[in-house]
Amino acid sequence: MLGYIARRLVQMVGVVLISAVATYALLNLAPGGPMTGLRQQQQGRNRITAADIARIRAYYELDLYLPVRFSRWLIGHPRGPITVGGTEWFANTPIGCRQPIEKNVRNEKGKIETKVVGCNENVYLRDLEGRKVSRGILLGDFGASWKLLRDRPVSDLIMSRLPKTIELIGLSTLLSLLLGIPLGIYSAVKQYSRFDYIFTSLAFLGSAMPTFFFGILMILVFSILPKSAGLPYLPPGSASAVREYVVPLIGTIQPDTIADRLMHLVLPVITLTIVSVASWSRFIRASMLEVLRQDYVRTARAKGLKEKLVILKHALRNALIPFVTIVVFSIPSLFGGAIITETIFSWPGMGRLYFLALGDSDFPVAMAILFITAVLTVIATLIRDLVYTLIDPRIRYS
Amino acid sequence: MKIQNEQPVLTVRNLKTHFFTEDGVVKAVDGVDFDLYPGEILGLVGESGCGKSVTSLSILRLVGVPGKIVDGEIWFEGKNLLSLTENEMVAMRGNRMSMIFQQPQTSLNPVYKIGDQVAEVFTIHKNLPKKEAWDKAVELLHLVGIPDAEKKAHAFPHEMSGGQAQRVMIAMALALNPTLLIADEPTTALDVTIQAQIMDLILELREKMGTSVILITHDLGVIAEMADRVAVMYAGQIVEQATVQELFARPHHPYTKGLMGSIPVLGKVTRRLEVIPGSVPNLINLPQGCRFSPRCKARIEQSLEICLHENPMLVETGSNHLCRCWLYDGQMKSAGDLMEANHE
């Protein structure tokens, strides 16, 4: 077992490294980026000089070749010439280009494209000395934010958002489990009953309804319409109020108190919960139906167990085994948040942070979130496989 | 052979279990009558889908949806099981009557230790504390011949062979010394050598505990060796019932004869085995008249018209011998004798 875990840990490091490469490559090779827009200003009235551009490119490290940039992001190296026994090595190795030569060329479709055709001035390894650099994401240093909170550590941004996401996702995950499992069981036990028909139709609707639509519907029905009708309404967005407000039957609520935060949680939590209750309970129902057909369930009944025990002790235990996978993979989303729902409800959590970071080309922030999510997913996989050995005696690793 | 002047432990009368499917009503069991006497082994034979298993599940009232017992009486220990409440029935199952199944390995819950699964019978019916129930379970596992029972009790079903798993099932079924044990093809999934061991175990425990057994099988060899009496089922009804010696010596019903003819006999040289032509009727759309009539050679040979219009009754055709066939029914008796003569 220990040997198995050790082997898995080595594999996990491999997977994490591959995901780091993929994350970095995807964001940095995609069109766009922080320089977009600056070029247009070169033609404008407040002209940006070539020197300005070079300076900004250096700030974003865009003057370095991609592998060098990636290495500095991953492990915080190289930081300058390599010194061995007092001698500097590779000091004059070019590792980037300060001023690329660009040329407008006509591509095969006849459109004009700007292409880099050469370099006016190289960046050498020695130039890296004195440049600001992180310790690398592998050591947990995600560098500084480019735009959202310029020059502040990415980890500060994440830490300010993470509690809000855990609050939102944690609460809705908990509710989904508490509702989804019993609903799924009941619907399976009462298969083809009126309850089952109504439930499966609603669950189908719930899992088919996109959150962006359902969230907006919730805001419309519980905030906008009641407010315009002069009725009490729920806050349509953000995590807390700015000033005190009165809720009928409850009283005055001060901003940022527990009551205020709960009020703001209602709509996003319901939105998220309905979607996952719908899919999770459908899963439990299917899994339970499968198990109820098994011979050992018939044995349990023939033994003289009450139907309740047959279901909850003999069937459920087996039906929950495949469900572990689903529950364990909600761990990464506890960190990554729910991008769409958080955006719709202006919830200051990780999902919204990621959305904003992408929109603003704040690559360090976006990459940090992607990378941590990847690490958590890999860890969740290991946890799942270990939990399997605990709940299913047929599974053993060696 | 047990003496049959005793009171039967189980009396089944006009049992009808139908399945209400989208295609129509499947009459899986359609008017079954039989008695089971103390300490007796009654063999229930018939081909797949003839209603053997549904009959046994009906006795335990474990027929699941869309199946339903629509008519009949099942008298057991002085009570009509069909009029008991579900709670009273739960107290019966695994306690006064129990059942073992065809696939022993899938009949045990894969996630619980076998010791716990056997012990559960004591905790639910006798309210024994966990430790005591466990000790009793180990004792039982020892009794059914599980070697090193103390240690094996901690094993999970997947760690056992089929034969061992069936022993565990038997231990579980006989834990509370029930009056009735239903064994639904208990050895079909096992190796031949293991089959004999399991059968011996059932015989041994029957002697020890005096349990009455309904043995369901399609293997006439097993019946010949194990059963005291035999009931042959066809298309949801019993077509012939007799002591085992009587049935093998003098089978009456053309179906039973067909079954016997389809068994290879050691030493007898035949070019090909006899088969019963045709196949089992559709239980939704049963033939009018005798259910076996479309396949019945005797009917064609004797060109009997009545078989196609009226289903015969199960009538006494010999000492302790019942048969459902026009050849043996009252007015047709002469024809039956004719058949008999032809047969010999």
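No value in this document is a laboratory result; all are computed from the given coordinates. Quick caveat: nothing in here was measured; it's all calculated off a predicted structure. Positions of Cβ are backbone-derived with ideal geometry, glycine not excepted, and every protein chain shown enters the neighbour counts.
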Per-residue [θ]222 nm for chain A (sum of -39500 (n - 2.57) over DSSP H runs n ≥ 4, rounded to 500): -18000 deg cm²/dmol
Between B:GLU77 and A:TYR197, the two model label points (7 Å from Cα along the beta-carbon direction) sit apart by a distance in nm of 4.1
Would you mind telling me which residue in A:ALA188, A:ALA20, A:ALA30 has the biggest mean-square fluctuation in a Gaussian network model of chain A, where springs connect alpha carbons within a distance under 10 angstrom? A:ALA30
In terms of the charge dipole of chain A, which places +1 on Lys and Arg and -1 on Asp and Glu at the beta carbon, the residue among A:LEU125, A:SER172, A:SER281 farthest towards the positive end is A:SER281
Taking chymotrypsin sites (Phe, Trp or Tyr not before Pro) as exposed when in a DSSP loop with at most 14 other Cβ atoms inside 10 Å, chain A has its longest clean stretch at A:193-396
J(HN,Hα) series, region B:141-152, from Karplus relation 6.51 cos²θ - 1.76 cosθ + 1.60, nearest Hz, glycine and proline x: 4, 5, 4, 8, x, 7, x, 6, 4, 3, 7, 5
What do you get for the angle between helix B:162-174 and the principal long axis of chain B? Use alpha-carbon atoms, 0 to 90 degrees, nearest ten. 80
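Counting Lys and Arg as +1 and Asp and Glu as -1, each charge on the Cβ, what is the dipole of region A:156-391 about the Cα centre in debye, to the nearest 20?
The dipole of region A:156-391 has a size of about 1200 debye.
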Two-site label geometry, A:THR36 and A:VAL246: point separation in nm, points 7 Å out along Cα→Cβ: 4.9
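Efficiency by 1/(1 + (r/R0)^6): what FRET value for B:THR85 and B:ILE284, r their Cβ-Cβ distance, R0 = 30 Å, to the nearest 0.05?
It comes out at approximately 0.40.
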Using every alpha carbon pair in chain A, what percent of pairs falls into each 20 Å bin from 0 up to the bin containing the largest distance? 20, 42, 30, 8, 0
Backbone HN-Hα couplings from phi across region A:117-128 [Karplus 6.51/-1.76/1.60, Hz, Gly and Pro as x]: 10, x, 9, 7, 8, 7, 9, 10, 4, 5, 5, 6
Check B:MET233: other-chain or 5+ apart residues with amide H under 5 Å from its amide H, H built from backbone geometry? B:VAL45, B:GLY46, B:VAL239
Is region A:14-101 best put as rounded, prolate or oblate by its Cα gyration tensor, with a ≥ b ≥ c the root eigenvalues, rounded for a/c under 1.5, and otherwise prolate when a/b is larger than b/c, oblate when not? oblate
Angstrom value of the Kirkwood radius, inverse mean 1/r, which spans all Cα pairs in region A:43-142: 15.5
Simple Cβ-charge dipole of chain A, Lys/Arg +1 and Asp/Glu -1, about Cα centre, in debye nearest 20: 840
Are there any helices in chain A, counted as whole DSSP H runs, that stretch 15 Å or more along their axis by Cα and score at least 1.6 on average by Kyte-Doolittle, and if so which? A:363-391
Under the classification rounded if a/c is under 1.5, otherwise prolate if a/b is larger than b/c and oblate if not, where does region A:156-391 fall, given a ≥ b ≥ c as square roots of the Cα gyration tensor eigenvalues? oblate
In whole percents, the bins of 10 Å from zero upward hold the Cα-Cα pairs of region A:294-398 as 13, 28, 22, 18, 13, 5, 1
With r as the distance between the Cβ atoms of A:SER160 and A:SER223 and R0 = 25 Å, compute the FRET efficiency 1/(1 + (r/R0)^6) and round to 0.05. 0.45
Please get the size of the charge dipole for the protein assembly as shown, origin at its Cα centre, with Cβ charges of +1 on Lys and Arg and -1 on Asp and Glu, quoted in debye to the nearest 20. 3280
Residue of A:PRO34, A:PRO163, A:PRO100 that the Gaussian network model of chain A assigns the largest fluctuation, springs spanning Cα pairs under 10 Å: A:PRO100
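Taking the convex hull of the Cα atoms, report for region B:52-150 its projected area averaged over all directions, in nm².
8.0
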Taking R0 as 35 Å, what FRET efficiency do you get between A:ARG261 and A:ARG394 from their Cβ-Cβ distance, rounded to the nearest 0.05? 0.20
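Using the 10 angstrom Cβ neighbour count as an exposure proxy, how do A:GLU129, B:GLU47 rank, fewest first?
The order, fewest Cβ neighbours first, is A:GLU129, B:GLU47.
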Selection from A:HIS264, B:ALA155, A:TYR60 lying farthest towards where the dipole of the protein assembly as shown points positive, charges on Cβ: A:TYR60
Anisotropy class of chain B from Cα gyration tensor, a/c 1.5 cut: prolate
Distance from a point 7 Å along Cα→Cβ of A:THR83 to each backbone N in region A:45-68: keep the residues under 16 Å and list them by number. none
Among A:LEU225, A:LEU356, B:LEU15, rank each residue by its count of other Cβ atoms within 10 Å, from fewest to most, as a rough exposure measure. A:LEU225, A:LEU356, B:LEU15
Between B:LYS27, B:LYS79, B:LYS268, which gets the highest mean-square fluctuation from a Gaussian network model of chain B, Cα cutoff 10 Å? B:LYS268
Please list, ordered by chain and number, the residues whose modelled amide H lies under 5 Å from the amide H of A:ASN122; skip anything fewer than 5 residues away on the same chain. A:ARG98
Going from the fewest other Cβ atoms within 10 Å to the most, one would list A:LEU358, B:LEU215 as A:LEU358, B:LEU215
Which residue, chosen from B:VAL192, B:LEU247, B:GLY115, occupies the Cα position most advanced towards the positive end of the dipole of region B:92-248, where the dipole is computed from +1 (Lys, Arg) and -1 (Asp, Glu) charges on Cβ about the Cα centre? B:GLY115
Under 5 Å between amide hydrogens, which residues at least 5 positions from B:ASP71 or on another chain qualify, with H placed 1.01 Å from N in the peptide plane? B:LYS16
Across all Cα atoms of the protein assembly as shown, Rg and the largest Cα-Cα distance (Dmax), in Å, are 38.7, 123
30 Å Cα cut-off, lysine pairs counted over region A:156-391 (separation 8 or more, or different chains): 6
In whole Hz, the Karplus estimates of ³J(HN,Hα) for region A:321-334 (6.51, -1.76, 1.60; θ = phi - 60°; x where Gly or Pro) are 4, x, 5, 3, 4, 5, 5, 5, 7, 7, 4, x, 6, 5
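With each run of n ≥ 4 DSSP H residues scored as -39500 (n - 2.57), what mean residue ellipticity at 222 nm is computed for chain B after dividing by its residue count and rounding to the nearest 500 deg cm²/dmol?
It lands at -9500 deg cm²/dmol.
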Please identify the trypsin sites (Lys or Arg not before Pro) of region A:288-391 that satisfy two criteria: DSSP loop assignment and at most 12 other Cβ atoms within 10 Å. Which are they? A:ARG293
Those aspartates and glutamates that a straight Cα-Cα span of less than 13 Å connects to A:LYS147, excepting residues fewer than 8 apart in one chain: A:ASP360, A:ASP362
